[in-house]
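Taking it in order: structure first as structure tokens, then the write-up.
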Amino acid sequence: MLKIKKNLSYLFIFFYLFYPSSLTADTSEIKEILQLIQKDLRTLERAVYSESFSQSSSSNSNNSVKESEDVLTRHLLKLSEIEKQFQQLTNKYEEINFKIDKLNSRLSKVQADNQLRFQQLETNNNVEVDTNSLTKLPTDATTDKEKILPGSTQPQDLGTVSYKDMTNESESQSIQSIDATKTVVTETFQSEEKILPDGTPENQYEFATSFLKVGDYNMAERAFREFVDTNPEHKLSGNAQYWYAETFRIRQLYTDAASAYLEGYQKYPKSEKAPINLLKLGVSLVQIGEKDQGCLMISGVKEQYPEATQSVLQKAKYEEKKFECKQNNS
């Protein structure tokens, strides 16, 4: 644009210097020419300005697009960083949960071990004193062979038990002796104080169940034991006995769980929880080392309770395959 203006000014000076006569002669024509030149200059200026404006606007739009892309890239990088941090937190959370589970398992094992030790101490303390010689005669050593466990009519080998011996129509049933392990022994529960509220057995049962819902298994154990002792003939006693055994199984106290399931199997064979109680009894026996007896209980679920729910029957079938019961009994 500046070059065009310079060329026009040079042209005007050239005419003025070399053709003065013509300039003085026809001033009106020169004015007209100059006006035309000015119009052309304005037109050129407008064109140049509009082109420069379009270029600047396009450059601005390109810059804005580029800036938006940069912002998007920064956001994506930030999201990726946040995702990595979240993954790290998740891994730490899972690691902490794993450690807590291991600690719970160790505590449960310690509790079970302590309980067994206390039982052994109580057994060792249960001695007879000879007044003449003042020597201690341990009753366990002398009467172990003659002891008959609860529910046992006569001690016999577990491998000789048939399903017909396990099935009967009576309201209470017996189980063959598991004297080989000497671990499953029912105990007489003595509560320090009553915790069930006064009211109907249904309300007391609901009260005991509330401890299970909140995960307070120690209180649930006491409440269900008290319910069974207080209402031994009630229709909910079989369920209460089952949940009483469950409080031990959840805490991995399998010996106590087997003892409680055994008591429920003997006293409440017709209860609603009888099939699952027998199944859990078999699983508990396997877990404490009595695989033959446990497999016999697991396999007997279908024989004794053919009308049990499909979930219980399928669970029994699964546990039977899991512990290889048929292979072990064959």
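Before moving on, here are some points about what is shown:
- Filter pass, K235 being part of a helix (DSSP H, G or I) and surrounded by fewer than 24 Cβ atoms within 10 Å (Cβ to Cβ): no
- No other residue among I276, I288 is of a type in the set (V, I, T), modelled with pLDDT under 95 and surrounded by fewer than 23 Cβ atoms within 10 Å (Cβ to Cβ) apart from I288.
A quick yes/no check of all residues on (1) modelled with pLDDT of 80 or more; (2) charged (D, E, K, R):
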residue: L77; (1), (2): yes, no
residue: S80; (1), (2): no, no
residue: L103; (1), (2): yes, no
residue: K109; (1), (2): no, yes
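- Flag if A308 is touching a helix residue (DSSP H, G or I) at 6+ places or on another chain (Cβ under 8 Å) and assigned to a helix (DSSP H, G or I): no
- In a residue-by-residue description of the range 305-321, the property of being within 29 Å of M219 (Cα to Cα) and touching a Pro at 6+ places or on another chain (Cβ under 6 Å) applies to at least one position.
- Every condition in (1) under 30 Å from S259 (Cβ atoms); (2) modelled with pLDDT of 70 or more; (3) surrounded by fewer than 10 Cβ atoms within 10 Å (Cβ to Cβ) holds for N125 except the one numbered (2).
- Residue tally, condition surrounded by 14 or more Cβ atoms within 10 Å (Cβ to Cβ), among the charged types (D, E, K, R) and in a helix (DSSP H, G or I), over the range 202-232: 5
- Any hit, the range 190-210, residues being more than 24 Å from the chain's Cα centre (by Cα) and at positive phi: yes
- Exclusive hit being under 30 Å from A260 (Cβ atoms), modelled with pLDDT under 60 and of a type in the set (V, I, T), set T135, T131, T143: T143
The values are calculated or read from the model by the stated rules, or taken from the named source; none is laboratory data. All figures in this text were calculated on a predicted structure; none of them were measured in a lab. Note that we place each Cβ from the backbone using ideal geometry, even for glycine, and neighbour counts take in every protein chain shown.
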